[in-house]
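Asker: Quick one: the structure is below, questions incoming.
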Amino acid sequence: MTNEHQEFRDDCLAILRQQTEGKRVHRRRFLQALALLGAIPAGLRLTPAHAAASEIVIVNWGGDAVPAYDAIWAQPFNAANPGAKALINGSGPSSGKIKAMVESGAVTWDVCDRTVPASIELGRQNLLEKVDWSIVAQDKLRPAHRSDWGVGAYLYSFVLTYDAKALRGPAPKDWKDFWNVKDFPGKRTLRNNIEGMLEAALLADGVPRDKIYPIDVDRALAKIKEIKQHTIFWTTGAESQQLFRNQEVVMGNIWHTRSMLLAKEVGEHIKFTFEGGVLFPGAWIVPKGNPAKARAWQFVASAQDPKSQVELFKRVGNGPVNPAAAAMVPAEMKALDCGSPENFARQVAVDNEWYAEHYAAILARYLDAIAS
């Protein structure tokens, strides 16, 4: 650890002490704050005896997902399990935070909202509990939507989104059109992360959907460099949405949920297609040594209910992962369901193993390529 980082961490601890002086602070939340700073004194490390036995902390990525998860999953779970208290925390369960908690012995999160590839990567580092399949149902998931450490929670896609009014011509049909700046002029947006971007580049370069993996990284990066000067790289979903709202781009590779929000907010001239979309499974994971123990898996099992997954789809756009939910999606919304049989067949299903094995190293190369 560098001195600079040590000073930053010490300053964060000083702020935390200042903010909590003279106030009563829930022990679990105080330890959670310390864990995120990577500074748990040995004498304060959380043990099962210190945790609120009935509390189940479910961590997602904030925003509209917090009230949605609470209404759709936490409240029904609490009602069906007297004495349980499922709480939604929107602070973002990054790999670094999970690693810091587990290695410090101060685990204060019970269930985290990540992806199946992340479940494999973290699980192999001994940071996660293995799924208790005696509680969670395997038959409510496609094989690609589960791992030894992860349980599919929902589906989401990276899709070609475009502003039909700004293009004033034929609509782009696929990633080849996205890369065609001559016939489809204007700024594009890609993510400053490899997920869904390398696959789109290879599809644009003529690689068939069933031959995308293992990814030819050199070829994909070369393709992205072809349009780099025409591209703005987005970091957050909100930023990708804002680029369209401000009319800074005419098309982009963004999350389908943001595309749906844009169409509602800006107008029907914002359109997207699932053709060549890259489909990812969100997944529930449980940090090693979490306080809730088996109750964590009981919560995950409750979230497999197809009706609840359809409600999440209606509210924030995440596609149901339980195949039984497809028949429950309202007819007028089926075209927007990334996991419907029709849309599933048009997309590239992410290779979980490839991402678990290569993500960190290839991300560094990608960031270097788009920055240079």
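Asker: Please count how many residues of region 130-164 are closer than 16 Å to A324 by Cβ, hydrophobic (A, V, I, L, M, F, W, C) and at pLDDT below 95. Spell out how you get there, then give the answer.
Answerer: Our first condition is that a residue be closer than 16 Å to A324 by Cβ; within region 130-164, this holds for 136-143, 145-146, 151-155.
Narrowing the set further to residues that are hydrophobic (A, V, I, L, M, F, W, C) leaves 136-137, 141, 151, 153, 155.
Of the ones still in play, those that are also at pLDDT below 95 are none.
Qualifying residue count for the region: 0.
Asker: Continuing with this model, one more query. Counting only residues that are of a type in the set (D, E) and assigned to a helix (DSSP H, G or I), which one in region 99-158 is farthest from K307 (Cα to Cα)? If you could, list the steps in order and put the result at the bottom.
Answerer: First pass over region 99-158, keeping only residues of a type in the set (D, E): 103, 110, 113, 121, 129, 132, 139, 148.
Next cut, assigned to a helix (DSSP H, G or I) only: 103, 121, 139.
Details: E103: 37, E121: 30, D139: 16 Å.
Here the residue is E103.
Asker: Another question, then. Of all the residues that make up region 190-203, how many are open to solvent by less than 10 Å² (accessible area, probe 1.4 Å) and farther than 16 Å from S240 by Cβ? Outline the logic, then answer.
Answerer: If we filter region 190-203 for residues that are open to solvent by less than 10 Å² (accessible area, probe 1.4 Å), which is where we start, we get 190, 194, 196-202.
Add one more test, that the residue is farther than 16 Å from S240 by Cβ, and what stays is 198-199, 201-202.
Number satisfying all stated conditions: 4.
Asker: Condition (residue is over 30 Å from Q242 (Cα atoms), touching a Leu at 6+ places or on another chain (Cβ under 7 Å), open to solvent by less than 30 Å² (accessible area, probe 1.4 Å) and not hydroxyl-bearing (S, T, Y)) applied to region 135-150: is it met by at least one residue? Explain how you work it out, then say what you get.
Answerer: Of the residues in region 135-150, the ones over 30 Å from Q242 (Cα atoms) are 135-150.
Applying the additional criterion that residues be touching a Leu at 6+ places or on another chain (Cβ under 7 Å) yields 149.
Keeping just the survivors that are open to solvent by less than 30 Å² (accessible area, probe 1.4 Å) gives none.
No, the conditions are met nowhere in region 135-150.
Asker: Mind listing whichever residues of region 170-204 are part of a loop (DSSP other than H, G, I, E, B) and among the β-branched types (V, I, T)? Reasoning before the result, please.
Answerer: Our first condition is that a residue be part of a loop (DSSP other than H, G, I, E, B); within region 170-204, this holds for 170-174, 180-187, 192-196.
The answer is V181, I194.
Asker: Kindly indicate whether T231 is among the β-branched types (V, I, T) and within 21 Å of the chain's Cα centre (by Cα).
Answerer: Details: among the β-branched types (V, I, T): yes; within 21 Å of the chain's Cα centre (by Cα): no.
Criteria not met by T231.
Asker: Determine the pairs where a residue that is over 16 Å from L279 (Cβ atoms), located within region 127-147, has a partner that is at pLDDT below 95 and of a type in the set (F, W, Y) with Cβ atoms under 8 Å apart, the partner being 6 or more residues away or on another chain.
Answerer: Here the result reads none, with nothing in region 127-147 linked to a residue that is at pLDDT below 95 and of a type in the set (F, W, Y).
Asker: Consider only pairs whose beta carbons are under 6 Å apart and that are at least six residues apart or on different chains; among these, list those whose first residue lies in region 83-94 and is part of a loop (DSSP other than H, G, I, E, B) and whose second residue is hydroxyl-bearing (S, T, Y).
Answerer: Going by the 6 Å Cβ cut-off, the qualifying pairs are G83/S54; A84/S54.
Asker: Provide a single number: the residues in region 261-303 that are surrounded by fewer than 22 Cβ atoms within 10 Å (Cβ to Cβ) and farther than 27 Å from P208 by Cα.
Answerer: 15
Asker: Please pick out the residue among K182, K173, K187 that is open to solvent by 50 Å² or more (accessible area, probe 1.4 Å), out of contact with any strand residue (DSSP E or B) (no Cβ under 8 Å at 6 or more places or on another chain) and modelled with pLDDT of 95 or more.
Answerer: The match here is K182.
Asker: Now for a separate question. Which condition does F77 not pass, out of (1) surrounded by 14 or more Cβ atoms within 10 Å (Cβ to Cβ); (2) of a type outside the set (V, I, T); (3) modelled with pLDDT of 50 or more; (4) out of contact with any helix residue (DSSP H, G or I) (no Cβ under 6 Å at 6 or more places or on another chain), if it passes all the others?
Answerer: (4)
Asker: Would you list the helices (runs of 4 or more DSSP H) that sit entirely within region 276-363 and hold 1 or more residues that are within 17 Å of the chain's Cα centre (by Cα)?
Answerer: On the way: elements: 294-302, 306-316, 341-345.
In region 276-363, 294-302, 306-316 are the helices (runs of 4 or more DSSP H) which contain 1 or more residues that are within 17 Å of the chain's Cα centre (by Cα).
Asker: What is the number of the single condition among (1) under 24 Å from the mean Cα position of the chain (by Cα); (2) in a loop (DSSP other than H, G, I, E, B); (3) under 24 Å from R168 (Cβ atoms) that K264 does not meet?
Answerer: Unmet for K264, out of (1) under 24 Å from the mean Cα position of the chain (by Cα); (2) in a loop (DSSP other than H, G, I, E, B); (3) under 24 Å from R168 (Cβ atoms): (2).
The values are calculated or read from the model by the stated rules, or taken from the named source; none is laboratory data. It should be emphasised that the depicted structure is a prediction, and the values quoted were computed from it without experimental measurement. Reconstructed Cβ throughout: ideal geometry from the backbone, glycine too, with neighbour counts over all protein chains shown. These accessible areas exclude ligands, DNA and RNA; they are computed on the full protein's heavy atoms, side chains included. Shrake-Rupley method; radii C 1.70, N 1.55, O 1.52, S 1.80 Å.
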